[in-house]
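So the structure is just underneath, and the comments pick up after that.
The values are calculated or read from the model by the stated rules, or taken from the named source; none is laboratory data. Keep in mind it's a predicted model, so treat the numbers as computed, not measured. All Cβ positions, even for glycine, are placed from backbone atoms using ideal geometry, and neighbour counts span all protein chains on display. Note: areas computed on protein heavy atoms with side chains; ligands, DNA, RNA excluded. Shrake-Rupley method; radii C 1.70, N 1.55, O 1.52, S 1.80 Å.
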Amino acid sequence: MINRRKMLVLAGATLAAGASLIAWAETDGHPYDTLVEMGYPAPQEGELVHVPPTMADLEAADMKPQAKAVIRRGYDLFTNTQQLRGKNVFNDMNCSSCHLGEGRQPFSAPVWPAAVTLPDFRGKNQHVNNLEERIAGCFAYSMNGTPPAYGSDDMLALSAYHRWLAKGAPVYPDQPIYGRGFPAPERPDELSYANGEQLFVDNCAVCHSEDGSGLYQDGEYVFPATWGDGSNNWGAGIVRTHTAAGFIKNNMPLGQPLSLSDQEAWDIAYYMTRQERPQDPRYTGSVDEVVEKFGPTFHKHSSYGQEREVDGHRLADHANWGEKGDEVEPWNVGVPRFESLDVEE
């Protein structure tokens, strides 16, 4: 077991090292030169390249002070979502736990594309989603909670922050977006749980603890849980192995992106996504029912309902809802839209 005091020292050093990537837009010349120098792919001809504005840009912008205040509130919620703990958030996550660099960072699922590509159809819930509904999904799954109401102050503030980051980007762009999502490297022929476990201990436990419970210092949140009750639930996008592999390859260890091989990133993702976490909110009492309904779509990329090879444990075969218990239900899950429309596939 790693000494906890040593963990805190190393974690702080790693966090400081991460600033080099977070400040990717603060360079002279083309803002993506630093990323390319670090090993990320250069923008390709025809790709939409957008540099989101910063909060310093907001202060200098010619906008009503009331609008600036709401955007600042959205930024505050995005980077410290834990302030909604027990109300909308029931785990150890902030929005910025997955969307690094304040939601601006390429190859870390920057959030501004949502503001310019929505409303659009989303396969996860099989209907057209707007920006608020997309944010609400993160609360239900990634935060293992229940979202602020549509049109509420908090939801408006988060939406405003997303749109601020999209300032200057075209709406409904025809071209692909550079740095969007967590692009995964090519999947190796074989994935190793044992290798992923050792790699996690060697590379990840210093920040996330060997049991995946994350890291708190003096009661303050430092690094998120990667599984368990403090992590995202079985419906979160990052529990899909390819999504986790893309996040790890492009962003981890913090301050050392692209330092892991493709095989290492996939093996760590495989190990992490075969650990338990709170139940998918779409669960109604039977793992088999969830697999039947969502196995062909969302869960075909996750380990949900599968038997873990090391001990035969069937993953997600439980009614553990984590900190929120069984009384808090996300009101946005399973709500159909536009049922009266006749749509031809």
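Miscellaneous remarks
Yes/no per residue for (1) in contact with a helix residue (DSSP H, G or I) (Cβ under 8 Å, 6 or more places away or on another chain); (2) open to solvent by 30 Å² or more (accessible area, probe 1.4 Å); (3) closer than 27 Å to Lys300 by Cα:
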| site | (1), (2), (3) |
| --- | --- |
| Ser209 | yes, no, no |
| Leu215 | yes, no, no |
| Gly219 | no, yes, no |
| Gly237 | yes, no, yes |
| Ala245 | yes, no, yes |
| Ile248 | yes, no, yes |
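- Met63 vs. criteria over 15 Å from Ala157 (Cα atoms), surrounded by 12 or more Cβ atoms within 10 Å (Cβ to Cβ), in the same structural domain as Thr117 (by TED's automatic domain parsing) and among the hydrophobic types (A, V, I, L, M, F, W, C): yes
- Condition met for Lys167 (touching a residue at least 40 places away in the same chain (Cβ under 8 Å), out of contact with any helix residue (DSSP H, G or I) (no Cβ under 6 Å at 6 or more places or on another chain) and of a type in the set (Lys, Arg)): yes
- Subset of the range 32-50 that is of a type outside the set (Gly, Ala, Ser) and either within 30 Å of His208 (Cβ to Cβ) or touching a Lys or Arg at 6+ places or on another chain (Cβ under 8 Å) (or both) - its residue that is modelled with the lowest pLDDT: Tyr32
- Output for the range 145-164, where each listed residue is open to solvent by less than 10 Å² (accessible area, probe 1.4 Å), within 22 Å of Gly237 (Cα to Cα) and either among the aliphatic types (A, V, I, L, M) or in contact with a strand residue (DSSP E or B) (Cβ under 9 Å, 6 or more places away or on another chain) (or both): Gly145, Met155, Leu158
- Search result, residues across the range 180-198 that are under 21 Å from the mean Cα position of the chain (by Cα) and aliphatic (A, V, I, L, M): Ala184
- Of the residues making up the range 156-200, those that are assigned to a helix (DSSP H, G or I) and closer than 24 Å to Gly212 by Cα are Tyr193, Ala194, Asn195, Gly196, Glu197, Gln198, Leu199, Phe200.
- In summary, Ser142 fulfils each of the numbered conditions (1) open to solvent by 10 Å² or more (accessible area, probe 1.4 Å); (2) out of contact with any Cys (no Cβ under 8 Å at 6 or more places or on another chain); (3) closer than 23 Å to Trp266 by Cα with the single exception of condition (2).
- From the options Phe107, Phe78, residue that is assigned to a helix (DSSP H, G or I) and at pLDDT 95 or above: Phe78
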